[in-house]
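The values are calculated or read from the model by the stated rules, or taken from the named source; none is laboratory data. Just so it is clear, the structure is predicted and the values come from calculations on it, not from any experiment. Cβ placement follows ideal geometry from the backbone for every residue including glycine, while neighbour counts extend to all protein chains displayed. All accessible areas refer to the heavy atoms of the entire protein, side chains included, with ligands and DNA or RNA removed. Shrake-Rupley method; radii C 1.70, N 1.55, O 1.52, S 1.80 Å.
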Amino acid sequence: MNMTLFWLAVLVVLVVIELVTMGLTTIWFAGGALAAAIVSLLRAPFSLQVILFLAVSVVLLFFTRPLAVKYFNKDRIRTNAESLVGRQAIVISEIDNLQGTGQVNVGGMEWSARTKEDGVTLPVGTVATVLAINGVKLVVEERNGKEV
């Protein structure tokens, strides 16, 4: 089998997978397959073609993927839950991890909440920052920076 046709077939398969998934996963390997196809036209040994395929794929993956992900995700809209992280919350029901109680208000919506550490409570009226989401509860800390 002509190795150039082999590499071109690999290239086509990888590009089709990328078009179907749109996940920026196989496009880097398609670049490697293109490089290997070009070298195979020059009648380079198969081992060199494979090495070039792997090298070009890895270089593209590590050096261009972060830029591509940043560029393609710049208009990505965060989901409701993701958008809560970093926002200000007001404690509307005392938060006590040991008793399993606590609620906060974030943007006019009530959420169950817990503190980052057990054994520390947050009284009603405390201003907190949402750190993360754990299941259906928000993980919060007191806004002045003290961990709770």
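Table for the structure above
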{"quantity": "Some residue of segment 44-56 being aromatic (F, W, Y), open to solvent by less than 70 Å² (accessible area, probe 1.4 Å) and either within 30 Å of L5 (Cα to Cα) or at pLDDT 90 or above (or both)", "calculated": "yes"}
{"quantity": "Number of positions in segment 101-124 that are outside any strand (DSSP E or B) and either among the hydrophobic types (A, V, I, L, M, F, W, C) or open to solvent by less than 50 Å² (accessible area, probe 1.4 Å) (or both)", "calculated": "2"}
{"quantity": "Residue within segment 66-84 that is out of contact with any His (no Cβ under 7 Å at 6 or more places or on another chain) and at pLDDT 90 or above present", "calculated": "no"}
{"quantity": "First in segment 103-124 and in contact (Cβ under 8 Å) with a residue 12 or more places away in the chain, second anywhere and part of a loop (DSSP other than H, G, I, E, B) and among the polar types (S, T, N, Q), Cβ under 7 Å, 6 or more apart", "calculated": "R114/N97; T115/N97; D118/N97"}
{"quantity": "Test: residue in segment 89-105 that is over 30 Å from N2 (Cα atoms), under 26 Å from the mean Cα position of the chain (by Cα) and at pLDDT below 90", "calculated": "no"}
